[in-house]
Every structure is written in structure tokens, then in C-alpha cells.
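Here's the structure we're looking at; comments come further down.
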Amino acid sequence: VKNGSFEQTRTLNISTYRELGGIRGALEKRVGSIYAALSSEEQLATQKIFLRLVGIGGDLESETEWKPIRRRELRSKFENGLEQEILVKLINENLLVSDYQIADNHQQSTVEIAHEILLTSWTTLNECIKEHRLAIALRNRLNDDVARWKKKKTDNELWGGSKLEQVVELSKDKTFIEVLGGFSEDANQFISASVNIRERQRRRTIDVLG
């Protein structure tokens, strides 16, 4: 009985594996076909959209102990006209899904990647995530803190030290701007406010020492 049970489980596992492999292949083929039909400008917009809907889990510094995960975003955060057009197309193609959530006592439309398996099965996206995972993780962390800062507007929500230095450098990085779309207007305001606080603190320190 035990052997029979083992063989049955093994058969089910193989069947599941083959099914998942088929899903992965079908998804990659489908999204690849849709992506290839876009203009270069539309492809770049598509890339930016997907990368804003990706989170990074696990050990960022490790080459193997991290993984891409889906991240939900408000549709209103996609302010670029072309991105809005592509967003609708990707939703209609069932590659993204749109829903609603209550935020600040208002119902707001959200968007996320329809199939998490796309993060690893679509080679074009997966390679881009691998290359930019540190920047993606830093931007996501910043955006979470920006959201809290917007509600409270207190200085202790702002960044300093190495975190601030990293985002200041990243904001000047041409590849980050071109591939990931740079920081949002709110994030740039947060960075500017953080830099201003840092400079005021430095001036006070100089005055005291002087």
C-alpha cells in the first residue's frame, strides 16, 4: 500500500511539474508575442510598468537567495500617457489585473501582475529584474516610506545617512531613469526634504564647532 501510495504521489508530482512547465511555456510565448508586436517606445513603457509591479524578497546581496514577487500599485501612480495606454492593453490581454482598494477613505483602482510565474518564465523580464534588483528594492523601500511621510509630514520620517546617499546617487543614474522610470514626483520631494534636513544639521554642527 505504501509503495502504491508513493508511486501515486510521484505520478501526481510529475504530472503537476509537466502542467506547470506547459503553463510557463505558454505564458512566455504569449507575452513574448505581445511584447514583440510593440514599438520600441511601447516596449520600454511596458518594461517600466512591469518593473514597478515587482518586489524583491529574500537576501538581496545573494545571487541565489532572493526572488521576485508581485507588488500591487495604484493605477493613478502611472501618470505618463503612454504608460496608461499600455496599462490598459496589458489588462485587456490579462497579463495585468486591476482591482480596487480603500486608501485614505477613498476607493482607488489598483493594478498588479496577473501571474506571478511571469516573473520567472518571461526571460526578458526576469533578466531585467536580476540586473536591477537592488535598485528595485531600494525604490520600493523608499516609496513605502514616502507614503508614510505624506500622511505625517514629520522630519523623523525622512532619510539620512547611507540610505539617503544611495537614493541621491540613484536619482542621477541615467540607466535607472531610462529603464525603471526614475523616482516619482512624491519620492523626489521626499529626497529633497531629506537633503535639506541633512544640510541644516551640517550647518548647525559647523556653527557649534566654529
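The values are calculated or read from the model by the stated rules, or taken from the named source; none is laboratory data. Model, not experiment: these values are computed from the prediction. Neighbour counts run over all protein chains shown; Cβ positions are idealised from the backbone, glycine included. Note: areas computed on protein heavy atoms with side chains; ligands, DNA, RNA excluded. Shrake-Rupley method; radii C 1.70, N 1.55, O 1.52, S 1.80 Å.
Computed over protein heavy atoms with a 1.4 Å probe, the accessible surface of the stretch 132-210 works out to 61 Å² per residue.
Seen from Ser62, the other residues with C-beta closer than 15 Å to its C-beta sum to a net charge of -1, counting Lys and Arg as +1 and Asp and Glu as -1. Ranking Leu51, Trp122, Asn156 by how far each Cα lies toward the positive end of the dipole of the chain (charges on Cβ) leaves Asn156 at the top. Two numbers describe the Cα atoms of the chain: Rg and Dmax, which are 21.5, 85 Å. For the chain, the 222 nm mean residue ellipticity estimated from helices alone, with every DSSP H stretch of n ≥ 4 adding -39500 (n - 2.57) and the total spread over all residues, rounds to -22000 deg cm²/dmol.
Measuring only protein heavy atoms, the 1.4 Å probe finds Ser109 accessible over about 30 Å².
Taking trypsin sites (Lys or Arg not before Pro) as exposed when their DSSP state is a loop state and no more than 11 other Cβ atoms lie within 10 Å, the longest site-free interval of the chain runs over 1-152. Of the whole protein surface, Thr154 contributes about 50 Å² of accessible area at a 1.4 Å probe radius.
A straight line joining the Cα centroids of the stretch 140-210 and the stretch 34-109 runs 24 Å.
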